[in-house]
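Taking it in order: structure first as C-alpha coordinates, then the write-up.
The values are calculated or read from the model by the stated rules, or taken from the named source; none is laboratory data. Keep in mind that what you see is a predicted model, and the values were worked out from it rather than measured. Please note that ligands, DNA and RNA were not included when accessible areas were found on the heavy atoms of the full protein model with its side chains. Shrake-Rupley method; radii C 1.70, N 1.55, O 1.52, S 1.80 Å.
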Amino acid sequence: MTESGHGPDSPVAHIVMTVGTSVAGEILAGRYRLEEHISDDSHGRQVWRGLDVVLRRPIAVVLRHPGGDAAAEMMSAAVAASRITHPHLVDVYDAIDEGARSYVVREWVDGASLRELVADGSLDSGRATAVAHAVASAIAAAHATNMAHGNVHPGTVLIADDGRVVLADARADDSATMEQDVRAIGGILYTALTGRWPHAELGSDRLPDGMRDATGALASPRQMRGGLPAYLSELAMDLLDPSISAPSAEALSTELGRLDTDNGDEFFGDGGPLGFVTPLRPSEPDAPRRTGRKLAIGVAALLVVSAAALVVSLKLAGGSSPAAALSPTESAGPSAGPTSSTAAGGPISISASQVRIVDPPNGTRDNLTDADKTVDGKDSTGWQTNWYKSPAFGNLKPGMGVLIDLGKPFNVANVKVDFDAPGATVSARVGDTDPGNSSNGDGQISTTYKTVAGPMTAGPTQVLSLGVTTRYVLVWITKLPSVGDGKYQVAIDEITVDGG
(Lines give C-alpha, C1' and ligand atoms only; values in the text may rest on other atoms or scores of the structure.)
Protein backbone atom coordinates (compact mmCIF):
# COMPACT_ATOMS: atom_id res chain seq x y z
CA MET A 1 0.00 0.00 0.00
CA THR A 2 1.13 3.53 -0.62
CA GLU A 3 -0.23 7.07 -0.33
CA SER A 4 1.14 7.14 3.23
CA GLY A 5 4.04 9.32 2.19
CA HIS A 6 1.98 12.43 2.87
CA GLY A 7 2.00 13.91 6.32
CA PRO A 8 2.38 16.90 8.59
CA ASP A 9 6.10 17.18 7.91
CA SER A 10 5.73 17.84 4.20
CA PRO A 11 7.26 21.19 3.21
CA VAL A 12 4.69 23.96 3.63
CA ALA A 13 4.70 27.38 5.19
CA HIS A 14 1.36 27.12 7.02
CA ILE A 15 -0.53 24.07 8.27
CA VAL A 16 -4.31 24.22 7.84
CA MET A 17 -6.20 21.82 10.08
CA THR A 18 -8.95 19.71 8.56
CA VAL A 19 -12.28 19.69 10.39
CA GLY A 20 -15.14 17.39 9.62
CA THR A 21 -15.76 13.68 9.71
CA SER A 22 -15.78 11.03 7.04
CA VAL A 23 -16.05 7.33 7.78
CA ALA A 24 -15.04 4.12 6.08
CA GLY A 25 -17.90 2.70 4.03
CA GLU A 26 -19.33 6.11 3.17
CA ILE A 27 -20.15 6.54 -0.52
CA LEU A 28 -19.50 9.94 -2.12
CA ALA A 29 -21.44 11.20 -5.16
CA GLY A 30 -23.20 7.84 -5.34
CA ARG A 31 -20.10 5.96 -6.56
CA TYR A 32 -16.89 6.62 -4.59
CA ARG A 33 -16.73 4.42 -1.49
CA LEU A 34 -14.21 5.32 1.23
CA GLU A 35 -12.29 2.18 2.24
CA GLU A 36 -9.41 3.26 4.48
CA HIS A 37 -8.18 6.57 5.91
CA ILE A 38 -4.50 6.74 4.96
CA SER A 39 -3.35 10.09 6.33
CA ASP A 40 -4.05 13.77 6.91
CA ASP A 41 -1.71 15.69 4.66
CA SER A 42 0.04 18.96 5.35
CA HIS A 43 -2.41 21.08 3.37
CA GLY A 44 -5.48 20.32 5.46
CA ARG A 45 -6.68 17.35 3.44
CA GLN A 46 -7.54 13.75 4.23
CA VAL A 47 -6.20 11.05 1.93
CA TRP A 48 -8.35 7.92 1.62
CA ARG A 49 -8.05 4.69 -0.27
CA GLY A 50 -11.36 4.06 -1.96
CA LEU A 51 -13.26 2.18 -4.64
CA ASP A 52 -15.19 3.41 -7.63
CA VAL A 53 -18.22 1.13 -7.27
CA VAL A 54 -19.34 1.83 -10.84
CA LEU A 55 -16.09 1.07 -12.65
CA ARG A 56 -14.84 -1.31 -9.90
CA ARG A 57 -11.38 0.22 -9.76
CA PRO A 58 -9.31 1.39 -6.79
CA ILE A 59 -9.07 5.12 -6.30
CA ALA A 60 -7.52 7.69 -4.00
CA VAL A 61 -9.85 10.32 -2.55
CA VAL A 62 -8.34 13.57 -1.34
CA LEU A 63 -11.02 15.12 0.85
CA ARG A 64 -11.26 18.50 2.55
CA HIS A 65 -13.66 19.95 5.10
CA PRO A 66 -15.05 22.52 4.56
CA GLY A 67 -15.39 23.00 0.80
CA GLY A 68 -16.25 26.26 -0.91
CA ASP A 69 -13.67 29.02 -0.75
CA ALA A 70 -11.48 27.07 1.68
CA ALA A 71 -10.99 24.34 -0.92
CA ALA A 72 -10.68 26.62 -3.97
CA GLU A 73 -6.94 26.00 -4.36
CA MET A 74 -7.37 22.22 -4.20
CA MET A 75 -10.17 22.25 -6.75
CA SER A 76 -8.30 24.61 -9.08
CA ALA A 77 -5.21 22.37 -8.97
CA ALA A 78 -7.32 19.28 -9.66
CA VAL A 79 -9.00 20.89 -12.67
CA ALA A 80 -5.64 21.98 -14.08
CA ALA A 81 -4.06 18.55 -13.47
CA SER A 82 -6.99 16.74 -15.08
CA ARG A 83 -6.16 18.44 -18.38
CA ILE A 84 -2.67 16.91 -18.47
CA THR A 85 -2.19 13.33 -19.56
CA HIS A 86 1.32 12.14 -18.78
CA PRO A 87 2.75 8.75 -17.75
CA HIS A 88 4.48 10.28 -14.71
CA LEU A 89 1.52 12.27 -13.38
CA VAL A 90 -1.32 10.59 -11.50
CA ASP A 91 -4.60 10.69 -13.39
CA VAL A 92 -7.33 12.90 -11.91
CA TYR A 93 -10.77 11.35 -12.39
CA ASP A 94 -13.18 13.75 -10.69
CA ALA A 95 -13.41 16.88 -8.52
CA ILE A 96 -16.56 17.73 -6.56
CA ASP A 97 -17.38 20.64 -4.23
CA GLU A 98 -20.36 19.99 -1.96
CA GLY A 99 -19.94 23.15 0.08
CA ALA A 100 -19.49 21.39 3.42
CA ARG A 101 -16.70 19.37 1.89
CA SER A 102 -14.76 19.05 -1.34
CA TYR A 103 -12.91 16.07 -2.73
CA VAL A 104 -10.71 15.05 -5.60
CA VAL A 105 -10.83 11.52 -6.96
CA ARG A 106 -7.65 10.32 -8.58
CA GLU A 107 -5.62 7.27 -9.51
CA TRP A 108 -4.58 4.95 -6.67
CA VAL A 109 -0.94 3.87 -6.86
CA ASP A 110 0.10 0.56 -5.32
CA GLY A 111 3.70 0.86 -4.23
CA ALA A 112 5.56 3.29 -1.95
CA SER A 113 6.43 6.94 -1.77
CA LEU A 114 10.05 7.97 -2.25
CA ARG A 115 10.05 8.96 1.43
CA GLU A 116 9.15 5.41 2.41
CA LEU A 117 11.54 3.88 -0.09
CA VAL A 118 14.68 5.72 1.07
CA ALA A 119 13.87 4.94 4.70
CA ASP A 120 15.22 1.48 3.86
CA GLY A 121 18.33 2.88 2.17
CA SER A 122 19.26 5.40 -0.51
CA LEU A 123 19.02 4.45 -4.18
CA ASP A 124 21.88 3.62 -6.51
CA SER A 125 22.80 6.33 -9.00
CA GLY A 126 20.94 4.67 -11.89
CA ARG A 127 17.63 4.39 -10.00
CA ALA A 128 18.05 7.89 -8.53
CA THR A 129 18.53 9.28 -12.04
CA ALA A 130 15.45 7.42 -13.29
CA VAL A 131 13.30 8.81 -10.47
CA ALA A 132 14.53 12.38 -10.99
CA HIS A 133 14.04 12.06 -14.74
CA ALA A 134 10.44 10.90 -14.28
CA VAL A 135 9.64 13.81 -11.94
CA ALA A 136 11.35 16.34 -14.23
CA SER A 137 9.38 14.98 -17.19
CA ALA A 138 6.12 15.34 -15.25
CA ILE A 139 6.97 18.88 -14.18
CA ALA A 140 7.93 19.82 -17.73
CA ALA A 141 4.50 18.65 -18.91
CA ALA A 142 2.80 20.76 -16.22
CA HIS A 143 4.90 23.82 -17.03
CA ALA A 144 4.02 23.48 -20.71
CA THR A 145 0.44 24.33 -19.69
CA ASN A 146 1.66 27.28 -17.56
CA MET A 147 0.89 25.34 -14.38
CA ALA A 148 3.30 25.22 -11.44
CA HIS A 149 2.92 22.01 -9.41
CA GLY A 150 3.90 23.53 -6.07
CA ASN A 151 4.03 20.29 -4.10
CA VAL A 152 7.12 18.33 -5.15
CA HIS A 153 8.62 16.47 -2.20
CA PRO A 154 9.41 12.85 -1.22
CA GLY A 155 5.83 12.20 -0.12
CA THR A 156 4.26 13.08 -3.48
CA VAL A 157 6.74 11.09 -5.57
CA LEU A 158 5.23 7.61 -5.77
CA ILE A 159 6.99 4.49 -7.05
CA ALA A 160 4.49 1.86 -8.13
CA ASP A 161 5.03 -1.86 -7.64
CA ASP A 162 5.44 -2.17 -11.41
CA GLY A 163 8.30 0.37 -11.32
CA ARG A 164 6.39 3.37 -12.67
CA VAL A 165 7.26 6.69 -11.02
CA VAL A 166 4.43 9.22 -10.71
CA LEU A 167 3.99 12.63 -9.16
CA ALA A 168 0.79 13.30 -7.21
CA ASP A 169 -1.26 16.09 -5.66
CA ALA A 170 -0.45 19.41 -7.31
CA ARG A 171 -1.03 22.51 -5.23
CA ALA A 172 -1.81 25.43 -7.54
CA ASP A 173 -1.88 28.33 -5.08
CA ASP A 174 -0.38 31.76 -5.69
CA SER A 175 2.87 30.88 -3.89
CA ALA A 176 3.75 28.05 -6.27
CA THR A 177 6.38 28.93 -8.89
CA MET A 178 8.01 27.03 -11.70
CA GLU A 179 11.46 27.78 -10.30
CA GLN A 180 10.48 26.18 -6.98
CA ASP A 181 9.38 23.09 -8.87
CA VAL A 182 12.77 22.82 -10.58
CA ARG A 183 14.67 23.40 -7.32
CA ALA A 184 12.55 20.67 -5.74
CA ILE A 185 13.62 18.23 -8.49
CA GLY A 186 17.15 18.83 -7.23
CA GLY A 187 15.84 17.94 -3.78
CA ILE A 188 14.31 14.73 -5.11
CA LEU A 189 17.65 13.77 -6.67
CA TYR A 190 19.42 14.65 -3.40
CA THR A 191 16.97 12.51 -1.41
CA ALA A 192 17.22 9.55 -3.75
CA LEU A 193 21.03 9.60 -3.48
CA THR A 194 21.30 10.24 0.27
CA GLY A 195 18.04 9.32 2.00
CA ARG A 196 17.86 12.91 3.33
CA TRP A 197 15.94 16.07 2.43
CA PRO A 198 17.58 19.54 2.43
CA HIS A 199 15.38 21.35 4.96
CA ALA A 200 16.92 24.83 4.84
CA GLU A 201 16.76 24.92 1.05
CA LEU A 202 13.31 23.37 0.45
CA GLY A 203 11.37 23.23 3.73
CA SER A 204 10.94 20.69 6.50
CA ASP A 205 10.16 17.01 6.02
CA ARG A 206 9.99 13.97 8.25
CA LEU A 207 13.13 12.69 6.51
CA PRO A 208 16.33 13.87 8.27
CA ASP A 209 18.03 17.01 7.05
CA GLY A 210 21.11 16.72 4.84
CA MET A 211 24.42 16.72 6.68
CA ARG A 212 25.99 20.15 7.19
CA ASP A 213 29.34 21.56 8.23
CA ALA A 214 29.95 23.94 11.11
CA THR A 215 28.82 26.88 8.97
CA GLY A 216 25.55 25.21 8.06
CA ALA A 217 26.60 24.53 4.46
CA LEU A 218 24.90 21.48 2.98
CA ALA A 219 27.12 18.44 2.32
CA SER A 220 26.95 17.12 -1.22
CA PRO A 221 25.67 13.59 -1.90
CA ARG A 222 29.20 12.53 -2.85
CA GLN A 223 30.56 13.83 0.47
CA MET A 224 27.98 11.76 2.31
CA ARG A 225 28.25 8.66 0.17
CA GLY A 226 31.46 7.81 -1.62
CA GLY A 227 31.40 6.23 -5.03
CA LEU A 228 28.57 8.33 -6.43
CA PRO A 229 29.12 10.01 -9.80
CA ALA A 230 30.41 13.52 -9.17
CA TYR A 231 28.29 14.64 -12.12
CA LEU A 232 25.04 13.71 -10.36
CA SER A 233 26.15 15.01 -6.98
CA GLU A 234 27.07 18.43 -8.39
CA LEU A 235 23.87 18.61 -10.42
CA ALA A 236 21.78 18.13 -7.28
CA MET A 237 23.79 20.78 -5.44
CA ASP A 238 23.54 23.31 -8.27
CA LEU A 239 19.78 22.91 -8.51
CA LEU A 240 19.58 23.65 -4.77
CA ASP A 241 21.85 26.70 -5.01
CA PRO A 242 19.78 29.92 -5.34
CA SER A 243 22.83 31.80 -6.60
CA ILE A 244 22.82 29.65 -9.75
CA SER A 245 20.05 30.23 -12.25
CA ALA A 246 17.65 27.31 -12.47
CA PRO A 247 17.15 25.67 -15.88
CA SER A 248 13.75 25.11 -17.39
CA ALA A 249 12.06 21.86 -16.44
CA GLU A 250 12.14 20.83 -20.09
CA ALA A 251 15.92 21.30 -20.38
CA LEU A 252 16.49 19.49 -17.09
CA SER A 253 14.25 16.62 -18.18
CA THR A 254 16.17 16.32 -21.44
CA GLU A 255 19.51 16.13 -19.66
CA LEU A 256 18.30 13.65 -17.02
CA GLY A 257 16.81 11.59 -19.82
CA ARG A 258 20.19 11.46 -21.52
CA LEU A 259 21.82 10.34 -18.27
CA ASP A 260 19.06 7.80 -17.68
CA THR A 261 19.75 6.36 -21.14
CA ASP A 262 23.54 6.51 -20.78
CA ASN A 263 23.18 4.64 -17.48
CA GLY A 264 26.70 5.24 -16.27
CA ASP A 265 28.79 5.79 -19.40
CA GLU A 266 31.77 8.13 -19.33
CA PHE A 267 29.52 11.18 -19.70
CA PHE A 268 27.99 10.18 -16.37
CA GLY A 269 31.29 10.89 -14.67
CA ASP A 270 33.06 13.95 -13.33
CA GLY A 271 32.10 16.60 -15.86
CA GLY A 272 30.53 19.80 -14.62
CA PRO A 273 26.84 19.74 -13.75
CA LEU A 274 24.93 18.83 -16.88
CA GLY A 275 28.30 18.73 -18.61
CA PHE A 276 27.70 22.18 -20.08
CA VAL A 277 30.91 23.93 -19.00
CA THR A 278 33.96 22.21 -20.51
CA PRO A 279 32.59 19.06 -22.13
CA LEU A 280 34.79 16.21 -23.28
CA ARG A 281 35.29 16.78 -27.01
CA PRO A 282 36.50 14.36 -29.68
CA SER A 283 39.64 16.43 -30.18
CA GLU A 284 40.48 16.29 -26.47
CA PRO A 285 40.11 12.67 -25.35
CA ASP A 286 42.26 13.25 -22.28
CA ALA A 287 40.72 16.54 -21.17
CA PRO A 288 40.52 16.98 -17.38
CA ARG A 289 37.19 15.84 -15.99
CA ARG A 290 36.81 18.06 -12.93
CA THR A 291 35.55 21.45 -14.05
CA GLY A 292 34.05 23.36 -11.14
CA ARG A 293 30.36 23.82 -10.59
CA LYS A 294 28.31 26.00 -12.95
CA LEU A 295 24.89 25.62 -14.47
CA ALA A 296 24.22 27.01 -17.96
CA ILE A 297 21.33 25.62 -19.96
CA GLY A 298 20.03 26.80 -23.31
CA VAL A 299 21.62 26.69 -26.73
CA ALA A 300 24.86 25.47 -25.10
CA ALA A 301 22.98 22.46 -23.77
CA LEU A 302 21.98 21.37 -27.25
CA LEU A 303 25.52 21.86 -28.53
CA VAL A 304 27.01 19.76 -25.74
CA VAL A 305 24.50 16.95 -26.18
CA SER A 306 25.40 16.94 -29.87
CA ALA A 307 29.10 16.82 -29.00
CA ALA A 308 28.49 13.93 -26.63
CA ALA A 309 26.58 12.06 -29.31
CA LEU A 310 29.44 12.67 -31.74
CA VAL A 311 31.97 11.20 -29.32
CA VAL A 312 29.80 8.15 -28.77
CA SER A 313 29.25 7.69 -32.50
CA LEU A 314 32.98 7.90 -33.14
CA LYS A 315 33.57 5.19 -30.56
CA LEU A 316 30.87 2.99 -31.99
CA ALA A 317 32.43 3.47 -35.41
CA GLY A 318 35.73 2.12 -34.14
CA GLY A 319 37.54 5.34 -33.24
CA SER A 320 40.71 5.10 -31.25
CA SER A 321 40.76 5.17 -27.47
CA PRO A 322 43.54 5.28 -24.89
CA ALA A 323 43.03 1.56 -24.24
CA ALA A 324 43.51 0.74 -27.92
CA ALA A 325 46.97 2.31 -27.84
CA LEU A 326 48.24 -0.03 -25.13
CA SER A 327 50.79 -2.61 -26.03
CA PRO A 328 49.85 -6.28 -25.47
CA THR A 329 51.90 -6.34 -22.30
CA GLU A 330 50.33 -3.18 -20.93
CA SER A 331 46.77 -4.29 -21.63
CA ALA A 332 47.16 -7.83 -20.35
CA GLY A 333 46.43 -9.03 -16.85
CA PRO A 334 49.04 -10.41 -14.47
CA SER A 335 48.85 -13.91 -15.95
CA ALA A 336 50.00 -12.51 -19.32
CA GLY A 337 52.70 -10.34 -17.78
CA PRO A 338 56.30 -11.14 -16.95
CA THR A 339 56.97 -14.70 -15.79
CA SER A 340 59.41 -13.62 -13.09
CA SER A 341 58.58 -11.82 -9.87
CA THR A 342 59.56 -8.50 -11.43
CA ALA A 343 57.06 -6.30 -13.25
CA ALA A 344 58.09 -3.47 -15.50
CA GLY A 345 57.44 0.00 -14.09
CA GLY A 346 53.88 1.20 -14.47
CA PRO A 347 50.43 0.08 -13.36
CA ILE A 348 49.85 -3.62 -12.71
CA SER A 349 46.58 -4.77 -14.28
CA ILE A 350 44.03 -5.85 -11.66
CA SER A 351 40.65 -7.40 -12.43
CA ALA A 352 37.48 -7.36 -10.34
CA SER A 353 38.04 -10.96 -9.23
CA GLN A 354 41.40 -10.03 -7.68
CA VAL A 355 40.04 -7.72 -4.97
CA ARG A 356 37.82 -8.17 -1.93
CA ILE A 357 36.92 -6.36 1.28
CA VAL A 358 38.56 -7.39 4.55
CA ASP A 359 36.32 -7.08 7.62
CA PRO A 360 37.86 -8.75 10.72
CA PRO A 361 36.05 -10.27 13.75
CA ASN A 362 33.50 -8.03 15.50
CA GLY A 363 32.60 -6.63 12.10
CA THR A 364 29.03 -7.05 10.86
CA ARG A 365 30.29 -8.24 7.45
CA ASP A 366 27.46 -6.39 5.75
CA ASN A 367 29.82 -4.00 3.94
CA LEU A 368 31.62 -6.45 1.63
CA THR A 369 30.29 -5.46 -1.80
CA ASP A 370 31.69 -3.05 -4.40
CA ALA A 371 35.37 -3.98 -3.97
CA ASP A 372 35.48 -4.36 -7.76
CA LYS A 373 34.63 -0.66 -8.15
CA THR A 374 37.98 0.29 -6.61
CA VAL A 375 39.83 -1.10 -9.64
CA ASP A 376 37.41 -0.34 -12.48
CA GLY A 377 39.33 2.68 -13.73
CA LYS A 378 36.54 5.10 -12.80
CA ASP A 379 36.91 7.66 -10.03
CA SER A 380 33.13 8.12 -10.11
CA THR A 381 32.58 4.70 -8.49
CA GLY A 382 34.04 3.04 -5.44
CA TRP A 383 33.59 1.19 -2.15
CA GLN A 384 32.29 3.03 0.90
CA THR A 385 32.38 2.05 4.55
CA ASN A 386 29.28 2.16 6.69
CA TRP A 387 29.16 5.15 9.01
CA TYR A 388 30.24 4.86 12.64
CA LYS A 389 29.94 6.95 15.79
CA SER A 390 33.69 7.30 16.28
CA PRO A 391 36.73 7.45 13.97
CA ALA A 392 38.00 3.99 15.00
CA PHE A 393 35.05 2.19 13.41
CA GLY A 394 32.97 2.79 16.53
CA ASN A 395 35.61 0.85 18.52
CA LEU A 396 34.02 -2.30 17.10
CA LYS A 397 37.01 -3.58 15.09
CA PRO A 398 40.63 -2.72 14.33
CA GLY A 399 39.90 -1.50 10.83
CA MET A 400 38.76 -2.46 7.34
CA GLY A 401 40.43 -2.57 3.98
CA VAL A 402 40.75 -3.78 0.42
CA LEU A 403 42.81 -6.92 -0.23
CA ILE A 404 44.46 -7.18 -3.65
CA ASP A 405 45.67 -10.53 -5.00
CA LEU A 406 48.14 -9.76 -7.81
CA GLY A 407 48.02 -13.38 -8.96
CA LYS A 408 51.74 -13.96 -8.34
CA PRO A 409 54.59 -12.06 -6.69
CA PHE A 410 55.44 -8.69 -8.23
CA ASN A 411 57.92 -6.00 -7.32
CA VAL A 412 55.51 -3.33 -6.03
CA ALA A 413 56.81 0.22 -6.00
CA ASN A 414 53.72 2.25 -5.03
CA VAL A 415 50.06 1.95 -4.24
CA LYS A 416 47.94 5.02 -5.05
CA VAL A 417 44.60 5.34 -3.27
CA ASP A 418 41.93 7.86 -4.29
CA PHE A 419 39.50 8.73 -1.48
CA ASP A 420 36.26 10.70 -1.66
CA ALA A 421 37.54 12.97 1.14
CA PRO A 422 40.76 13.51 3.08
CA GLY A 423 41.37 12.51 6.70
CA ALA A 424 41.38 8.70 6.79
CA THR A 425 44.29 6.92 8.49
CA VAL A 426 45.66 4.46 5.95
CA SER A 427 48.55 2.03 5.62
CA ALA A 428 49.75 -0.65 3.21
CA ARG A 429 50.32 -4.18 4.44
CA VAL A 430 51.61 -7.28 2.68
CA GLY A 431 51.31 -11.01 3.29
CA ASP A 432 52.07 -14.43 1.84
CA THR A 433 48.59 -15.99 1.72
CA ASP A 434 44.88 -15.23 1.76
CA PRO A 435 43.44 -17.48 4.51
CA GLY A 436 39.93 -17.09 3.09
CA ASN A 437 36.99 -14.71 2.88
CA SER A 438 35.60 -15.24 6.37
CA SER A 439 35.59 -13.51 9.73
CA ASN A 440 38.42 -15.74 10.98
CA GLY A 441 40.38 -15.42 7.75
CA ASP A 442 40.09 -11.63 7.83
CA GLY A 443 41.13 -11.70 11.49
CA GLN A 444 44.33 -13.50 10.54
CA ILE A 445 45.02 -10.95 7.81
CA SER A 446 44.55 -8.02 10.20
CA THR A 447 47.02 -9.50 12.71
CA THR A 448 49.63 -11.25 10.54
CA TYR A 449 50.11 -8.99 7.52
CA LYS A 450 53.20 -6.79 7.78
CA THR A 451 52.90 -2.99 7.57
CA VAL A 452 55.28 -1.65 4.92
CA ALA A 453 53.92 1.88 4.44
CA GLY A 454 52.20 4.18 6.89
CA PRO A 455 50.04 4.51 8.82
CA MET A 456 49.45 8.09 7.71
CA THR A 457 46.64 10.61 7.48
CA ALA A 458 45.56 10.49 3.86
CA GLY A 459 44.74 13.32 1.52
CA PRO A 460 42.14 12.95 -1.26
CA THR A 461 44.85 11.02 -3.14
CA GLN A 462 47.48 9.16 -1.15
CA VAL A 463 50.55 7.40 -2.56
CA LEU A 464 51.99 4.64 -0.38
CA SER A 465 55.59 3.68 -1.20
CA LEU A 466 56.20 -0.05 -0.72
CA GLY A 467 59.37 -1.20 -2.53
CA VAL A 468 58.72 -4.89 -1.78
CA THR A 469 58.05 -8.09 -3.69
CA THR A 470 54.66 -9.55 -2.82
CA ARG A 471 51.55 -11.17 -4.19
CA TYR A 472 49.07 -9.83 -1.63
CA VAL A 473 48.63 -6.12 -0.85
CA LEU A 474 46.19 -4.84 1.78
CA VAL A 475 45.08 -1.20 1.77
CA TRP A 476 44.16 -0.89 5.45
CA ILE A 477 42.09 1.87 7.08
CA THR A 478 42.14 2.27 10.86
CA LYS A 479 40.48 5.67 11.34
CA LEU A 480 37.68 7.39 9.44
CA PRO A 481 37.16 11.10 8.74
CA SER A 482 34.11 12.95 10.01
CA VAL A 483 31.18 13.52 7.67
CA GLY A 484 29.22 15.62 10.16
CA ASP A 485 26.44 14.94 12.66
CA GLY A 486 28.79 12.83 14.77
CA LYS A 487 29.28 10.31 11.96
CA TYR A 488 32.51 8.93 10.47
CA GLN A 489 32.82 7.34 7.05
CA VAL A 490 35.01 7.21 3.95
CA ALA A 491 35.00 5.80 0.43
CA ILE A 492 37.83 4.48 -1.73
CA ASP A 493 37.16 5.49 -5.31
CA GLU A 494 40.16 3.90 -7.02
CA ILE A 495 43.33 1.92 -6.23
CA THR A 496 46.33 1.75 -8.56
CA VAL A 497 49.30 -0.58 -7.96
CA ASP A 498 52.58 0.32 -9.72
CA GLY A 499 55.33 -2.17 -10.42
CA GLY A 500 58.96 -1.23 -9.98
Return the long-range amide H neighbours of ASP94 (sequence gap of 5 or more, or a different chain), with a cut-off of under 5 Å between placed amide H atoms. VAL105
D for segment 391-500, whole µm²/s, Stokes-Einstein with Kirkwood Rh over alpha-carbon pairs at 25 °C and 0.890 mPa s: what number? 173
³J(HN,Hα), Karplus 6.51/-1.76/1.60, whole Hz, each residue of segment 60-73, x for Gly, Pro: 10, 10, 9, 10, 9, 10, x, x, x, 4, 5, 10, 4, 4
Computed ³J(HN,Hα) along segment 433-441: with the Karplus parameters 6.51/-1.76/1.60, θ = phi - 60°, integer Hz and x for glycine or proline, the list is 9, 10, x, x, 7, 8, 4, 5, x
5 angstrom amide H check on ARG212, placed H, neighbours 5+ away: ALA219, ASP485
Equivalent ellipsoid, segment 111-202 (semi-axes from 5 times Cα gyration tensor eigenvalues, Å): 21, 14, 11
Mind listing the long-range amide H neighbours of SER39? Cut-off is under 5 Å, sequence gap 5 or more, other chains count too, H placed in the peptide plane at 1.01 Å from N. VAL47
Please state, to two decimals, what the Cα-based radius of gyration of segment 115-159 comes to when divided by 2.2 N^0.38 Å (N = residues). 1.27
In whole Hz and in residue order, list the ³J(HN,Hα) couplings for segment 162-169 that follow from phi through the Karplus curve 6.51 cos²θ - 1.76 cosθ + 1.60, θ = phi - 60°; x for Gly and Pro. 8, x, 5, 9, 9, 9, 10, 6
Counting only protein heavy atoms and using a 1.4 Å probe, what share of the accessible area of segment 353-500 belongs to carbon plus sulfur, as a whole percent? 47
Once the piece of chain linking LYS408 and ASP213 is laid out straight, how much longer is it, given 0.36 nm per residue of separation minus the C-alpha distance between them? 65.7 nm
